[in-house]
Amino acid sequence: VKMANSRLVVLTLADGPNLGELVNAGGALSVSLARLAARHLIAAVSYLHCRGVIHRDLKPDNCILMKTDVSVIQNQTKEDWMTNDALWDDKAVFTNEWKCVLVDFGFAKALTPKEVGLERNMSRQASVGSFVQREIEGKGKALTDAEANPEDEKPRPMSKQLKGHHAMSAIGTRQFAAPEVQRAREKSEKDTALSACVADYGLVSDAYSVGATIKMILTGVPAGENEMAFISANDSAFGSILDAICGCGKKSDGKRRKRYKFLDETPKPARELVGKLLKAKEEERLTVPLAREEPWIKGGMDKNDPVVELPAGDYPAENDNPIVCLKCAAQ
């Protein structure tokens, strides 16, 4: 909203709990809810990458659960949400009346056309897939003009500077940060990052954080914790018996008892997705736009599992769609 001497930005109120709060309250989320949250998170990050934006702080605390119909005032407190047993009940089914919203862009960076490799005749054709592929290979692979313009088959080498790996501030939440982000070094004179410590990384680092987030909401185990050690220390056979007797992880006194799962206890397509996103080596890691095509995200695993249409923005965000950088990115 433009005014005489200022501009106002109007945002939708996301008044629900974040996924981190839900996990802290009851442990592993309902598989249906975790799947819905994963779909919406992947759709959101795909859109960011198609606009040349890297988030750099993806985690459950930055994913807010809310009702889709924002015109209806829910008048629910976070305490009200925490008493909704369905959030942790694997028998519950979550539909399009719910959505997961990505927030907190304080660490986000809008990459420039040059950083993304959009030059001259490439600007309309370079896709998220081709950019991320160049970004993770790191071996001087040439991007041909034929890829940018099918009528021109002469290859043109892509310099290391434009491959997508850049010295950027080593920021974010360590437990969810990709290995390459954690390999911080002291800033050199050539580096333009603002912080004293920098790391060489690019868009594909967000994919690791997405994987760590999905794993945490599926298992209830905090990122960075050893699964076996954490569950052994925080769960017990007696607690499992109480689960069976009282239901939905509640103790006999009515208080919720946190439920944890090993990743191997989660649906196979879900843990396969997590495994692909959490690859330590960038060249082996699944990119976020490609994660859209994974069975657990796309659907269609069987006749009872419909193919879903992921939330979309004003620009298409699939793997072969072109990157359109934001106008606010520094030139």
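Remarks
- Spin-label zone in the range 1-26 - amide nitrogen under 17 Å from a point set 7 Å from the Cα of residue 105 along the C-beta vector: 1-2, 7-14
- Note on residue 15 and residue 189: with the Förster distance fixed at 51 Å, the Cβ-Cβ geometry gives a FRET efficiency of about 0.65.
- Accessible area of the range 2-60 belonging to carbon and sulfur atoms, whole % at 1.4 Å probe: 54
- Probe 1.4 Å - accessible area at residue 90, Å² to nearest ten: 70
- The protection proxy used here, the mean number of other Cβ atoms lying within 10 Å of each residue, ranks peptides 207-214, 7-14 as follows, highest first: 207-214, 7-14.
- Cα centroids of the range 14-40 and the range 174-231: 21 Å apart.
- Restraint check, 114/327; 67/215; 78/99; 215/258; 279/303; 114/190, Cα-Cα greater than 20 Å: 67/215; 279/303
The values are calculated or read from the model by the stated rules, or taken from the named source; none is laboratory data. If you're wondering where the values come from, they're calculated on a predicted model, not measured in any experiment. Please note: Cβ atoms are built from the backbone with ideal geometry, for glycine as well, and neighbour counts cover all protein chains shown. Each accessible area value is taken on the protein alone, full model and side chains, heavy atoms only, with ligands, DNA and RNA left out. Shrake-Rupley method; radii C 1.70, N 1.55, O 1.52, S 1.80 Å.
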